[in-house]
Amino acid sequence: GIQVEQSPPDLILQEGANSTLRCNFSDSVNNLQWFHQNPWGQLINLFYIPSGTKQNGRLSATTVATERYSLLYISSSQTTDSGVYFCAASYDKVIFGPGTSLSVIP
Amino acid sequence: DTEVTQTPKHLVMGMTNKKSLKCEQHMGHRAMYWYKQKAKKPPELMFVYSYEKLSINESVPSRFSPECPNSSLLNLHLHALQPEDSALYLCASSQGGDWGTTEQFFGPGTRLTVL
């Protein structure tokens, strides 16, 4: 099955800083999603991005399917961005990466 | 509306109890999922229903019994659980019956504690 890796595992940012989170996957995928899990456990959809680039406010994502990676960019980070960011890839079933735990400090 | 609802939010049960988790979506999605998430770990797939039929059972112990009464509802019946089954149980749905290729939407989860 597909293997999904994420880096870095942990990240601490000063409020206002920018960051890039990376997701690598081991094989071809037909679905790639980014989620933010808040401290209460809710998984919030950020991007559905099997390929290409999308932007939503301060967040943007790029997936290069041929090179088997996806990037999530967070600009001008806020304390409410804290939480765990997961990418999830699938070909025949969905596999979550281990997550990046982000802490944004004032 | 991209809402998936789950009840209850919290559940505490003994090892001899029988309880059920409920999940509902009204987006017309044809695939529904149960995931289990332990602390500081990613969600792990348990079951997939596609067009109200069980498509995937990820070798889940029989003390977990899923049920899909109709296209909007998904239940997870719990019986004789062990303390190590304590976790956050997440329900999700996606539009296509070809469930690997479409966007998934998650409910808020049920936090289960087994004593």
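The values are calculated or read from the model by the stated rules, or taken from the named source; none is laboratory data. Quick caveat, the model's predicted, so the values are computed rather than measured. All Cβ positions, even for glycine, are placed from backbone atoms using ideal geometry, and neighbour counts span all protein chains on display.
Give the residues of region B:21-69 that are small (Gly, Ala, Ser) and surrounded by 20 or more Cβ atoms within 10 Å (Cβ to Cβ), sorted by residue number.
B:Ala31
Here is a yes/no grid of residues against (1) within 27 Å of A:Gly99 (Cα to Cα); (2) part of a strand (DSSP E or B); (3) within 13 Å of the chain's Cα centre (by Cα):
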{"residue": "B:Val12", "(1), (2), (3)": "no, yes, no"}
{"residue": "B:Val60", "(1), (2), (3)": "yes, no, yes"}
{"residue": "B:His77", "(1), (2), (3)": "no, yes, yes"}
{"residue": "B:Pro108", "(1), (2), (3)": "yes, no, yes"}
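May I ask you to list pairs of residues, at least six apart or on different chains, whose Cβ atoms are under 6 Å apart, with the first in region B:95-114 being farther than 13 Å from A:Gly41 by Cα and the second being at pLDDT 95 or above and acidic (Asp, Glu)?
Listed pairs, sorted by first residue: B:Val114/B:Asp85.
Grab the strands (runs of 3 or more DSSP E) fully contained in chain A, keeping just those with 1 or more residues being within 9 Å of chain B (Cβ to nearest Cβ) and under 19 Å from B:Phe105 (Cα atoms). Walk me through it before giving the result.
On the way: elements: A:4-7, A:10-14, A:19-25, A:31-37, A:43-48, A:52-56, A:59-64, A:69-74, A:83-90, A:94-96, A:100-105.
Correct list: A:31-37, A:43-48, A:83-90, A:94-96.
Among the residues of region B:24-44, which ones are farther than 18 Å from B:Ser86 by Cα and touching a Leu at 6+ places or on another chain (Cβ under 9 Å)?
Within region B:24-44, B:Glu24, B:Gln25, B:Met32, B:Tyr33 meet the criteria.
Would you mind stating whether A:Phe47 is in contact with a His (Cβ under 9 Å, 6 or more places away or on another chain) and buried (at least 21 other Cβ atoms within 10 Å of the Cβ)?
no
Just need a number here: residues in region B:14-45 that are part of a strand (DSSP E or B) and not aliphatic (A, V, I, L, M).
13
Please list, ordered by first then second residue, the pairs with beta carbon atoms under 9 Å, 6 or more apart or interchain, first in region B:82-93 and within 16 Å of A:Val94 (Cβ to Cβ) and away from every other protein chain (no Cβ under 11 Å), second surrounded by 20 or more Cβ atoms within 10 Å (Cβ to Cβ) and of a type in the set (A, V, I, L, M).
Once the first residue is within 16 Å of A:Val94 (Cβ to Cβ) and away from every other protein chain (no Cβ under 11 Å) and sits in region B:82-93, its partners that are surrounded by 20 or more Cβ atoms within 10 Å (Cβ to Cβ) and of a type in the set (A, V, I, L, M) give B:Ser93/B:Val4; B:Ser93/B:Ala31; B:Ser93/B:Met32; B:Ser93/B:Leu74.
Against the conditions (1) under 28 Å from A:Pro50 (Cα atoms); (2) more than 12 Å from every other protein chain (Cβ to nearest Cβ); (3) surrounded by fewer than 16 Cβ atoms within 10 Å (Cβ to Cβ), where does B:Glu3 fall short? Just the number, please.
Unmet for B:Glu3, out of (1) under 28 Å from A:Pro50 (Cα atoms); (2) more than 12 Å from every other protein chain (Cβ to nearest Cβ); (3) surrounded by fewer than 16 Cβ atoms within 10 Å (Cβ to Cβ): (2).
If we scan region B:46-57, do we find a residue that is among the polar types (S, T, N, Q), assigned to a loop (DSSP other than H, G, I, E, B) and within 12 Å of chain A (Cβ to nearest Cβ)? Walk me through it before giving the result.
Kept after step one, since they are among the polar types (S, T, N, Q), are these residues of region B:46-57: B:50, B:55, B:57.
Those still in the list that are assigned to a loop (DSSP other than H, G, I, E, B) too: none.
Scanning region B:46-57 turns up no residue that is among the polar types (S, T, N, Q), assigned to a loop (DSSP other than H, G, I, E, B) and within 12 Å of chain A (Cβ to nearest Cβ).
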